[in-house]
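The values are calculated or read from the model by the stated rules, or taken from the named source; none is laboratory data. Because the structure is predicted, anything quoted here is derived from the model rather than measured. Here the Cβ is made from the backbone with ideal geometry for all residues, glycine too, and neighbour counts use every protein chain on show.
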Amino acid sequence: MSSEIKRVAVLGGGGLIGSGWITNFIWRGLPVNVYDISEEALNMSRARVKANLEYLVAKEVMPAGSMNVALSLVKHTTNMKDAVSGVSFIQEASPEKYEVKQALLSEVDRFAAPDAIFASSTSGLLITEIARGSKNPERCVGAHPYNPPHLIPLVEISRGEATSEDTVSRAYAFYKTLGKEPIILQK
């Protein structure tokens, strides 16, 4: 993969969108740190990702021998510092509530590199509001996938008032390396 991004984090990996993102990333050979709030949620993530990969193998989209290799690329944690340390791209897939996404971003601000992209999988919330109060709002971008993210290539990229053009460009390029069809929304 020809990208500056060598490791990613998925926040909210136990949900359908989060587990779809994890599947997409590891299918493409990218190591992933998966964060969620409980071991129960992480177990849900493990089960969903495995089922997604089994589907890809059954449909002969992915070689059977590569499934265990892909699964070995995932590290699960309930510790935010462990999840975002050393990553350059953070795919957030938590519930569609400002207070949840803002709280996660506050933790990301504490532990992640200041230039690590924070891509929210929001379908309707404003990036400006999610990034309100962030120390690094320029790194925040919307990245709305179509479900399931590992099968449907479209990703809508949106920006907030403080999102830098560099962040938008880097997110766009990253999704292209994953075989996605990113579209940068203008409104």
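Of the helices (runs of 4 or more DSSP H) that lie entirely inside region 21-112, those containing 1 or more residues that are aromatic (Phe, Trp, Tyr) and touching a residue at least 12 places away in the same chain (Cβ under 8 Å) span 98-111.
Flag not set for Phe174, criterion: in contact with a helix residue (DSSP H, G or I) (Cβ under 8 Å, 6 or more places away or on another chain) and either under 28 Å from Gly29 (Cβ atoms) or touching a residue at least 24 places away in the same chain (Cβ under 8 Å) (or both). Filtering region 153-187 to residues that are closer than 19 Å to Asp115 by Cβ, among the hydrophobic types (A, V, I, L, M, F, W, C) and not in a strand (DSSP E or B) leaves Ala162, Val168, Ala171, Ala173, Phe174.
Condition check for Ala119 on (1) in contact with a Cys (Cβ under 9 Å, 6 or more places away or on another chain); (2) under 26 Å from Arg48 (Cβ atoms); (3) part of a loop (DSSP other than H, G, I, E, B); (4) of a type outside the set (Phe, Trp, Tyr): one failure, at (3).
Scanning region 78-89 for residues that are farther than 25 Å from Asn136 by Cβ and either modelled with pLDDT of 95 or more or out of contact with any Leu (no Cβ under 6 Å at 6 or more places or on another chain) (or both) turns up nothing. Ser85 meets all of the listed conditions (1) within 30 Å of Asp166 (Cβ to Cβ); (2) surrounded by 24 or more Cβ atoms within 10 Å (Cβ to Cβ) but one, namely (2).
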